[in-house]
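The values are calculated or read from the model by the stated rules, or taken from the named source; none is laboratory data. For clarity, every value in this text was computed on a predicted model and none was experimentally measured. Here the Cβ positions follow ideal geometry from the backbone for every residue, glycine too, while neighbour counts run over all protein chains shown.
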Amino acid sequence: MSGNAEKFEFSSETAASAEMHVAKYPAGKQQSAVMPILDLAQRQNSGWLTQEIIEYIADYLGMAPMKVLEVATFYTMYNHKPVGKHHVQVCGTTPCWLRGSDDIMNACKKHLGIEKGETTADGLFTLSEVECAGACVNAPVVAIGDDYFEDLSPESMIELLNKLKNGEAVQAGPQIDRQTSAPIGKATSLTDFVGKET
Amino acid sequence: MPTLTIDGKEITVDNGLTVLQACEEAGAEIPRFCYHERLSIAGNCRMCLVEMERAPKPIASCAMPVGDGMVITTNSETVKKAREGVMEFLLINHPLDCPICDQGGECDLQDQAVAFGRGSDRFEEGKRAVAEKNMGPLVKTEMTRCIHCLRCVRFAEEVAGVDELGALWRGENTQITTYLGQILDSEMSGNVIDLCPVGALTSRPYAFTARSWELKKTESIDVMDALGSNIRIDTRGKAVMRILPRLNDDVNEEWISDKTRYACDGLSKARLDQPYVKLDGKLTPANWAEAFNAVADALKGANGSDVAAITGDMADMESMFALKGLLASMSSDRIDCRQDGAALDASCRAGYVMNSGIAGIDEADYILLVGSNPRSEAPVLNSRILAAVKGRGVTVANIGSAEDLTYRTDELGDDASILDKILSGKHATAKALKDAAKPMIIVGQGALARTDGGAILKAARDIADKYCMADGWNGFNVLHTAASRVGGLDLGLTTDGGADGIMDDAAAGKLKAVFLLGADEIDTSALKDTFTVYIGSHGDEGVRHADVILPAAAYSEKSATYVNTEGRVQHSEKAVFAPGEAREDWTILRALSDVMGHRLPYDSLEALREQMAIVAPSSAQLDQKPDEAWGDFGTKGKITSGGIAPAIDNFYATNPIARVSNTMADCIAARETEVEGATGTNG
Ligand code: SF4
Ligand code: FES
Ligand code: FES
């Protein structure tokens, strides 16, 4: 975590959402809103948190800065270094790993020319490895920004990165022919039931 | 009250206990790391696992409340295996560097690994290493040893009242650190060393100087403030190596302040270790006979109030009693124990002690501070107030300068004349006091040392009389800053005009001689032309104009009586001998009285104490908080408006021992650099 020169302040939208989160909790328990508010601030600050933000939020919620920092460092979705426009978070936990997350990671590294934890020179991509994204059924999974990209292969991964780079529209979710997490192809169980329904 | 079965034995325990506490009552030892009686429950080390009937897996006994009919097993194979497993996990990342660790020999991890561990581990991968953290000049860190019990973090927040310590990151990357690596800015910080169950937090000044088993341990009483904290003095040979707290629930629970713990290096510095006599304007080493003769010569024919004495803040009761006796033999009773000129009244004991008791804070429901900053005057007591505020939402109102006391206070301003308004019922505080069931008013020396101190004392007394009395409850309290003060008042050591009067008379040439018994908190320039005898342990302000110096024992070097701010009489024990020629104060005075031709009528400590008990009967009542009869005290008068100055301006330099302590100097310096650093980089 390092300082940044500009003074941080909630934008009017951030302030409005922050108030909404605080209002969810009983009076005096505003500290409970620390996680969503950290997230809001991170979004406002191009994806990362600074010491200034930590102290700003501490002040906003009436907490000790240390307590805000504890939360911000405990959860891995808060970043403490600048990140690229697209934060590519490759899941490396067992189900994804068994389904080839290593290949996905290598494809990213090779295509972007960076290592884990690094950002491309153009500031577009940061590459990270994360633990289970909770979408194992569609492994291997990569989270980019607020979206999950699933059922990836090295090829579809590179295609995705290219589209992002060129600012083209991308489709979140499975990158193969599958509806959400339904079986690939057609139903393999409860076929009678499925048949009746459709 | 629930009844449960522990290891086949039925036991009925209080409601609200945890299974761990119940097991202890039943005599079953439960290993633990994160659990601590005086901190909140965290349940994060899992060392306290026990089996509970019908539970599918072992439970953390420290975090499980007792229930009626529970069947607990603490000695089964499952529990043994659970403990071994937890132990093995805890040791995975622990460096096992006991031979170079200061905690060795008094380490919970070491002891419990021996008692409950497997004896070997199966971990072959690399261990983690964590960089040292800066926690200031007192606490040395070796964070690779940390087992993340979070006792230190909970202590900082709950007892010390500072939120700067925390656990960053998670899992095996967890690191305990202060916010931005600042020092731990608390007067209580040293206690984390005792709390840390491993060698992650150890004492920096004591680092690598001794092993616990080589030390002689003497149970004694602290004199750095007026609390009378129970301490253990650990010595090796002639040296005091360290000071640790002892348990006393009514006084210091199990904490001591950083000054109590760390000023001890001052015990071996700037010591007066031989008598001195002024010859041709220069203090010259002398032997005892020469020194005594010099005093006797100078005092020849001295009579009545020609001779006066001032006793210091760390003087023990025996020495003050002997000095009083010596003066009495010259028909003088001009001896004063109030260096700061506090308008304390010795005539009524309830008027100068903490009547509610230190532990009374645990029951109080409203606290009014008058000219007292408990954080710097008695940090351990301040922690009790913090607990009352945090735990029970007690309101603390403050008349005096607004300081950060670590808890929220209602600042009423520093104008003492508010007291008049409260007394007449015109101030909102009057109502708050009236509405409280057990209100406390705590009057500090800052308020009493003003010229209108007597009127403030009277007003505070009247407020207490009107609002703070209940059945079995006296809410009037004086918080002293000097360990000697209550003892001195018990001996009646007050004079008209006080210490200032003595100084004025000395400056005006009206006095033949002045005795200073460890009195260093006064400006002695007035004594330039008066024959001055200094009896004490350190070369500080008191020796500046001394004509004879009689070297005496420091608090660690004598068995003596101290009376704390609540009137509790306690005996300290001699841990080491005084250096060089220095002797215990009362024996010096006894020997001097002999030379002067009126021998004091005792020649043993016991005999002295017997006689002292005639003058001050309370001095024979050991270790109890007395219930004093209420009375009238203070002097009616006008309270001038105007600010109350704090009694202490630097917590780390309140007495001659602390002033020569390197560690205390480091504490002061660390705070100064931090302040400079902050303006330099954060601006
Ligand atoms: S430093 Fe000591 S007390 Fe603090 S969490 Fe680590 S082991 Fe526990
Ligand atoms: S393992 Fe990758 S999403 Fe769960
Ligand atoms: S002592 Fe119970 S979990 Fe640590």
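Quick check on the stretch B:161-178. Is at least one of its residues more than 16 Å from ligand 1 (Cβ to nearest atom), free of Cβ contacts under 8 Å to residues at least 40 places away in the same chain and more than 22 Å from B:Gln110 (Cα to Cα)?
Within the stretch B:161-178 (the criterion being more than 16 Å from ligand 1 (Cβ to nearest atom), free of Cβ contacts under 8 Å to residues at least 40 places away in the same chain and more than 22 Å from B:Gln110 (Cα to Cα)), the answer is no, since none of the residues qualifies.
Specify the residue that is farthest from ligand 3 (Cβ to nearest atom); the eligible residues are those in the stretch A:138-166 that are modelled with pLDDT of 95 or more and exposed (fewer than 14 other Cβ atoms within 10 Å of the Cβ).
Here the answer is A:Asn166.
Does B:Arg232 meet the test of being farther than 27 Å from B:Val130 by Cβ, of a type outside the set (Ser, Thr, Tyr) and away from every other protein chain (no Cβ under 14 Å)?
Taking the combined requirement at face value, the residue satisfies it.
Report, by residue number, each residue of the stretch B:28-62 that is touching a Ser or Thr at 6+ places or on another chain (Cβ under 7 Å), within 7 Å of ligand 3 (Cβ to nearest atom) and more than 18 Å from B:Gln110 (Cα to Cα).
If the condition is that a residue be touching a Ser or Thr at 6+ places or on another chain (Cβ under 7 Å), within 7 Å of ligand 3 (Cβ to nearest atom) and more than 18 Å from B:Gln110 (Cα to Cα), then B:Ser61, B:Cys62 are the ones that fit.
Taking the residues in the stretch B:146-186 that are among the acidic types (Asp, Glu) and more than 9 Å from every other protein chain (Cβ to nearest Cβ) as candidates, determine which candidate is farthest from B:Ile668 (Cα to Cα).
By that ranking, first place goes to B:Glu172.
Just to check your reading of the model, which residue among A:Met20, A:Met35 is over 21 Å from A:Val83 (Cβ atoms) and either loosely packed, with under 14 Cβ neighbours inside 10 Å or of a type in the set (A, V, I, L, M, F, W, C) (or both)?
A:Met20
Being farther than 16 Å from B:Ala343 by Cα and crowded, with 24+ Cβ neighbours inside 10 Å, is that true of even one residue in the stretch B:496-504?
no
If you scan the stretch A:130-155, which residues turn out to be under 22 Å from A:Tyr78 (Cα atoms), part of a strand (DSSP E or B) and either touching a residue at least 60 places away in the same chain (Cβ under 8 Å) or not hydroxyl-bearing (Ser, Thr, Tyr) (or both)?
Answer for the stretch A:130-155, where residues must be under 22 Å from A:Tyr78 (Cα atoms), part of a strand (DSSP E or B) and either touching a residue at least 60 places away in the same chain (Cβ under 8 Å) or not hydroxyl-bearing (Ser, Thr, Tyr) (or both): A:Val130, A:Val142, A:Ala143, A:Ile144, A:Asp147, A:Phe149.
Only one of A:Ala58, A:Ala107, A:Ala72, A:Ala41 is away from ligand 1 (no atom under 16 Å from the Cβ), modelled with pLDDT of 95 or more and closer than 17 Å to B:Trp169 by Cα. Can you tell me which?
A:Ala72
Being more than 25 Å from the chain's Cα centre (by Cα) and in a loop (DSSP other than H, G, I, E, B) narrows it down to one residue among B:Thr481, B:Thr495; which is it?
Criteria check complete, one pass: B:Thr495.
Quick test for you: out of B:Ile92, B:Ile72, pick the one residue that is modelled with pLDDT of 95 or more and not small (Gly, Ala, Ser).
Matching residue, one of B:Ile92, B:Ile72: B:Ile72.
Within the stretch B:353-367, is there a residue that is of a type in the set (Gly, Ala, Ser) and within 30 Å of B:Ser537 (Cβ to Cβ)?
Among the residues of the stretch B:353-367, not one is of a type in the set (Gly, Ala, Ser) and within 30 Å of B:Ser537 (Cβ to Cβ), which makes the answer no.
Hey, any hits in the stretch A:97-106 for a residue that's more than 14 Å from chain B (Cβ to nearest Cβ), at positive phi and either surrounded by fewer than 19 Cβ atoms within 10 Å (Cβ to Cβ) or in a helix (DSSP H, G or I) (or both)?
Taking every residue of the stretch A:97-106 in turn, at least one turns out to be more than 14 Å from chain B (Cβ to nearest Cβ), at positive phi and either surrounded by fewer than 19 Cβ atoms within 10 Å (Cβ to Cβ) or in a helix (DSSP H, G or I) (or both).
Taking the conditions exactly as written (out of contact with any Cys (no Cβ under 9 Å at 6 or more places or on another chain) and surrounded by fewer than 19 Cβ atoms within 10 Å (Cβ to Cβ)), does B:Ala647 satisfy them or not?
No.
Report, ordered by the first and then the second residue, all pairs with beta carbons closer than 6 Å, sequence separation of six or more or different chains, a first member in the stretch A:181-193 that is without any contact (Cβ under 8 Å) to a residue 60 or more places away in the chain, and a second member that is assigned to a loop (DSSP other than H, G, I, E, B).
Within 6 Å, the pairs are A:Ile184/A:Arg178.
Could you list all residues from the stretch B:204-234 that are surrounded by fewer than 21 Cβ atoms within 10 Å (Cβ to Cβ) and assigned to a strand (DSSP E or B)?
Residues satisfying the conditions are B:Lys216, B:Lys217, B:Thr218, B:Glu219, B:Arg232.
How many residues does the stretch B:142-157 contain that are away from ligand 3 (no atom under 16 Å from the Cβ) and over 19 Å from B:Asn93 (Cβ atoms)?
Result for the stretch B:142-157: 2.
Hey, can you tell me all the residues within the stretch B:418-441 that are under 31 Å from the mean Cα position of the chain (by Cα) and surrounded by 17 or more Cβ atoms within 10 Å (Cβ to Cβ)?
Within the stretch B:418-441, B:Ile418, B:Leu419, B:Thr429, B:Ala432, B:Leu433, B:Ala436, B:Lys438, B:Pro439, B:Met440, B:Ile441 qualify.
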